[in-house]
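Engineer: I'd like to ask some things about the structure below.
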Amino acid sequence: EDLYQQVRYKANDPMSRMFAGVMQEWNDYTKKQGHDDSSKQGFLVRLERFLSNRVTVEMEQLEQYTGFLATVGSSAPFVGLLGTVWGIMHSFQAIAASKNTSLAVVAPGIAEALFATALGLIAAIPAVIAYNRISASLNRYATSLETFAQELHAFMSRKLYGV
């Protein structure tokens, strides 16, 4: 109860919000009269739903920007490829315009193509690495939240039945 009073209005992290929500449910339940086995089971079912929903909501909030990294990681190489095609087209146009296949005519377009490819990879590689690291961390955190939710449920069940 003391911990609940401390985090009640300043629950800034997912676990604190889960704990505060469980304690609010508990306080609402204990204010009601008549706690037979049926009402206890109903409380535990509501508590389980609350915890499951809370884990889902918290993870959705944490994962909301990972889609951007996934999009950059998967689309940037294609943007680089488009630049490559563009640069090679410029090279062919330069060859056609000058009717000369010397390196001086072809080099600028090829340099543009290589630069565009490099830019695409410079954007894609860090995005994919960041996405994979963040995704793995979020998976571990989701497991922690689920474990915490199960522990809270078990604790409240023991408290409810006086075990």
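Residues checked against (1) hydrophobic (A, V, I, L, M, F, W, C); (2) assigned to a helix (DSSP H, G or I); (3) open to solvent by less than 60 Å² (accessible area, probe 1.4 Å):
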residue: Gly109; (1), (2), (3): no, yes, yes
residue: Glu112; (1), (2), (3): no, yes, no
residue: Ala116; (1), (2), (3): yes, yes, yes
residue: Ile134; (1), (2), (3): yes, yes, no
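Engineer: For the stretch 18-53, enumerate the residues that are acidic (Asp, Glu) and closer than 11 Å to Met156 by Cβ.
Structural biologist: Passing the criteria: Glu25, Glu48.
Engineer: Against the conditions (1) modelled with pLDDT under 95; (2) closer than 30 Å to Arg46 by Cα; (3) surrounded by 14 or more Cβ atoms within 10 Å (Cβ to Cβ), where does Glu146 fall short? Just the number, please.
Structural biologist: (1)
Engineer: Can Val79 be described as at pLDDT 90 or above, aliphatic (A, V, I, L, M) and surrounded by 13 or more Cβ atoms within 10 Å (Cβ to Cβ)?
Structural biologist: In short, no.
Engineer: Then there is this: Scan the stretch 51-70 residue by residue and report those that are open to solvent by less than 80 Å² (accessible area, probe 1.4 Å) and either farther than 13 Å from Leu138 by Cα or of a type outside the set (S, T, N, Q) (or both).
Structural biologist: Selection gives Leu51, Ser52, Arg54, Val55, Val57, Glu58, Met59, Leu62, Glu63, Gly67, Leu69, Ala70.
Engineer: Now for a separate question. Out of Ala96, Ala124, I need the residue that is in a helix (DSSP H, G or I), touching a Pro at 6+ places or on another chain (Cβ under 8 Å), at negative phi and at pLDDT 85 or above. Which one?
Structural biologist: Exactly one residue qualifies, and that residue is Ala124.
Engineer: Shifting gears a bit: Across the stretch 26-50, what is the total count of residues that are outside any helix (DSSP H, G or I) and either under 19 Å from Glu1 (Cβ atoms) or open to solvent by less than 40 Å² (accessible area, probe 1.4 Å) (or both)?
Structural biologist: Residues that pass the stated criteria total 2.
Engineer: Which of the residues spanning the stretch 149-163 are among the aliphatic types (A, V, I, L, M) and surrounded by fewer than 13 Cβ atoms within 10 Å (Cβ to Cβ)?
Structural biologist: Ala154, Val163
Engineer: Let me ask something else. Look at Gly80 and say whether it is within 30 Å of Met59 (Cα to Cα) and in contact (Cβ under 8 Å) with a residue 40 or more places away in the chain.
Structural biologist: no
The values are calculated or read from the model by the stated rules, or taken from the named source; none is laboratory data. Since the model is a prediction, treat every value here as computed from it, not as a measurement. Every residue, glycine among them, receives a Cβ derived from its backbone with ideal geometry; neighbour counts consider all protein chains shown. Accessible surface is based on the protein model in full, side chains and every heavy atom, while ligands, DNA and RNA are left aside. Shrake-Rupley method; radii C 1.70, N 1.55, O 1.52, S 1.80 Å.
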